[in-house]
Amino acid sequence: MVTDRPIVVAGAGAIGCFVGGALAAAGRRVALLVRPRVKTEIERFGLRLTDFDGSETKLAASQLALSEDPAIFHSAGIVLVTVKSADTADVADQIAQHAPQDAVIVSLQNGVGNIAVLRERLGGRRVLAGMVPFNVIAMGEGRFHRSTSGDIHVGEDEANTAAALSVPGLAMRASRDIAGVQWGKLIINLNNALSALSDMPLAAQLANRDWRKLFADQMAEGLAALKAAGITPASATPVPPNWMPTLLRLPDVIFNAILGRTMKIDPEARSSMWQDLKQGRRTEIDYLQGAVIALAEQNSVDVPLMRRIVALIKEAEVAGKGPPRLTPQQIRGGALSAMEERDAALFDHRSCACGALWRIDARPCQATDSHELSRL
């Protein structure tokens, strides 16, 4: 049985080390395919997992198999793919060369396109899509800190792979609509770029209504593109994706009360894109905003704010100076005036109690409707 064999994490960075470490702490046989720097760090300091709830788990390097050689896949029962999207094709080829034919491949990556790449290059193998809702920060000296809450979702299969992987402290749930869940996560992940451009912790950013309105406007563009493409995003939280723009635009007191019931965020939580800019790495902007822009182009949907955000991230990548610490006004740039001109023709958003900005095809504002608020 594949569950009797080692779980191999392909590309153990922040997410991979945390997930692999949690599985090893629960007694599973775990191997990590890692870069030399991570291997050296774990061998020297061990692996230390910390959580937003204050819990901590320490593992000795001897509790894991560590290797830079993809031959480590040779006895894998399950392979968890956690590499950046740009590296998916390369790691798929390594899996195809070294892993047993019956090994189950599970993608725990950002974006929605990786599963197609894996299936194309691993024809005939069982490949499952997954979604990781939480952030993990690499803190150095072998410490990996989970800074937000949520359970991992894995596509439902007859072998119930999700249940086989679920352990205390790392719950995994089988999903019948994993594609919808991935699109729902991608819509939330649009904020990764704003976090990176602001150089602010996620909690502080979400506590600021100007930043939330910017996120809401970008999310509204994304939801319009998905709707035009006939895609229905699913949520891993109690709040449906289509409600999120309205929720984000609410006054601080109401928003904070709702967020506290749906998500736990560490005060120092940061996005993976922020970490990429901080460390001078290429980001996944083309696989997040880029995927939505591609849909928008196919369906003639205008997404000016999202295009500007992509341009700003790419500028920061080229500059190589880390997060640029922009304000919401600087990020909006020319995109704001274009949106305002269109919206003003139909609806004076300044007269709305929620402060919402509405698209040209908008219906009357529902944010202050008592029925809608009671549902939230």
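The values are calculated or read from the model by the stated rules, or taken from the named source; none is laboratory data. Everything numeric in this text was worked out from a predicted model, so none of it was measured. We place every Cβ from the backbone using ideal geometry, glycine too, and count neighbours over all the protein chains shown. What goes into the accessible areas is simple: the full protein's heavy atoms, side chains included, and nothing from ligands, DNA or RNA. Shrake-Rupley method; radii C 1.70, N 1.55, O 1.52, S 1.80 Å.
The number of residues in region 1-16 that are more than 19 Å from ALA92 (Cα to Cα) and not hydroxyl-bearing (Ser, Thr, Tyr) comes to 4. Would you be able to say whether some residue in region 141-164 is of a type in the set (Phe, Trp, Tyr), in contact (Cβ under 8 Å) with a residue 40 or more places away in the chain and farther than 19 Å from GLY16 by Cβ? No, region 141-164 has no match at all.
For region 162-169, indicate whether the set of residues that are under 17 Å from the mean Cα position of the chain (by Cα), at pLDDT below 95 and open to solvent by 40 Å² or more (accessible area, probe 1.4 Å) is non-empty.
No: zero hits.
Within region 81-101, how many residues are in a helix (DSSP H, G or I), open to solvent by 30 Å² or more (accessible area, probe 1.4 Å) and touching a residue at least 40 places away in the same chain (Cβ under 8 Å)? Total meeting the criteria: 3.
Table: residues versus (1) in contact (Cβ under 8 Å) with a residue 12 or more places away in the chain; (2) in contact with a Pro (Cβ under 8 Å, 6 or more places away or on another chain); (3) surrounded by fewer than 17 Cβ atoms within 10 Å (Cβ to Cβ).
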position	(1), (2), (3)
ASN192	yes, no, no
ARG209	yes, yes, no
LEU226	yes, yes, no
GLY230	no, no, yes
ALA234	yes, yes, no
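Total residues in region 278-316 satisfying the condition of being open to solvent by 60 Å² or more (accessible area, probe 1.4 Å), modelled with pLDDT of 95 or more, at negative phi and outside any helix (DSSP H, G or I): the figure is 1. With respect to the conditions (1) out of contact with any Leu (no Cβ under 8 Å at 6 or more places or on another chain); (2) over 22 Å from GLY130 (Cβ atoms); (3) open to solvent by 50 Å² or more (accessible area, probe 1.4 Å), GLU41 lacks only one, and its number is (3). Determine, yes or no, whether PHE45 is touching a residue at least 60 places away in the same chain (Cβ under 8 Å) and in contact with a His (Cβ under 7 Å, 6 or more places away or on another chain). No: the conditions fail for PHE45. Summed over region 141-150, residues that are at pLDDT 95 or above and in a loop (DSSP other than H, G, I, E, B) total 2. Go through region 44-59 and give me each residue that's closer than 13 Å to GLU141 by Cα, out of contact with any helix residue (DSSP H, G or I) (no Cβ under 7 Å at 6 or more places or on another chain) and open to solvent by less than 50 Å² (accessible area, probe 1.4 Å). Residue satisfying the conditions is THR50 alone.
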